[in-house]
Amino acid sequence: MAIVYDKPKALSDMPRHYCPGCTHGIIHKLVAEVIDELGCEGKTIGVAPVGCAVMAYDYFNCDMIEAAHGRAPAVATGIKRARPENVVFTYQGDGDLAAIGTAETVHSATRGENITIIFVNNAIYGMTGGQMAPTTLPGQVTQTTPYGRDTTAVGYPVRVSEMLATLDGVAYAERVSVDTIPNIRNAKKAIKKAFQNQIDKKGFSIVEVLSTCPTNWGLTPVEALEWLRKNMMPYYPLGVYKDKSAEEDK
Ligand SMILES: Cc1ncc(C[n+]2csc(CCOP(=O)(O)OP(=O)(O)O)c2C)c(N)n1
Ligand code: SF4
């Protein structure tokens, strides 16, 4: 019988621990499909975060290293500089990348490290039970903002793609989403480009993926997708924020 759909080879057989409806799983699958399609499984090294994706080292069938919370871009920098022939990516949540890891993110970007960053923005700290993240929306209820995020007290969310796009060291920054089939397809295109850029030595590439956390948002999986569309997308518009190669082609 013809196989019309199969699990990507770069994804392991280990059962994933994510909650029902969590889109971390979709993003894993897209990264694995890209590794398969680029034929770089044997030379890819991933850096896992601290957060719900902490066990990504068990889920991808490539060499993986676990970084301390937020330090993945620094770890990736070291690996890539020591082994430039390898393809090095980080997979990080918004607490990991945009809170404790802000310095590593900004400085690896401004140095123009030739690495690929997959940034999963679910507007909350998932793993630790739903505290406010730098990306939590104004008015959003979390465990630490039970009356909604009050911007007069705790400030405004960080728009990571827009911020990094201002840095000369960044080759590519795009925000995508995995809430619909067309958006999932587009997310895969962006992830593939971010890996291909590294192979072509174009420099620092980041794909920010808007993602759901039904458990800590207190919503069903379907409601969570609707919440993402209604609340996250207007604040975090999808699109390409920087593409040096497209600018050079003009
Ligand atoms: C040095 C350090 N500080 C704090 C923590 C606690 N901690 C673990 S995961 C996490 C936040 C994870 O949130 P995010 O990166 O958004 O990922 P998600 O779980 O939502 O995918 C925090 C604060 C830790 N493990 N280590
Ligand atoms: S807590 Fe949220 S981010 Fe973590 S696995 Fe569950 S739904 Fe996903």
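Just so you know, all these numbers are worked out from the coordinates, no wet-lab data involved. Remember, it's a predicted structure, so these values are computed and weren't measured experimentally. FYI the Cβ positions are ideal-geometry reconstructions off the backbone, even for glycines, and counts take in every protein chain you see.
Points worth noting:
- Span-like helix ranges in the chain, DSSP H, alpha carbon extent 20 angstrom or more, Kyte mean at least 0.0: 24-38
- Exposure proxy ranking, count of Cβ atoms within 10 Å, fewest first, for 62, 52: 62, 52
- DSSP assigns beta bridges within the chain; of those with both partners inside it, close to 20 percent run antiparallel.
- Once you divide the Cα radius of gyration of segment 24-249 by 2.2 N^0.38 Å, the number left is 0.95.
- Averaging the Cα positions of each part gives two centres, and for segment 113-184 and segment 1-62 these lie 22 Å apart.
- 17 Å reach of a label modelled at residue 189, 7 Å along Cα-to-Cβ, counting backbone N of segment 1-36: 30-31, 34
- Computed E for residue 81/residue 166 - FRET, C-beta separation, R0 35 angstrom, nearest 0.05: 0.90
- Relative contact order, whole percent, for the chain stands at 19, derived from Cα pairs under 8 Å and 6 or more residues apart.
- DSSP bridge orientation in segment 24-150 - percent antiparallel, rounded to nearest 5: 5 percent
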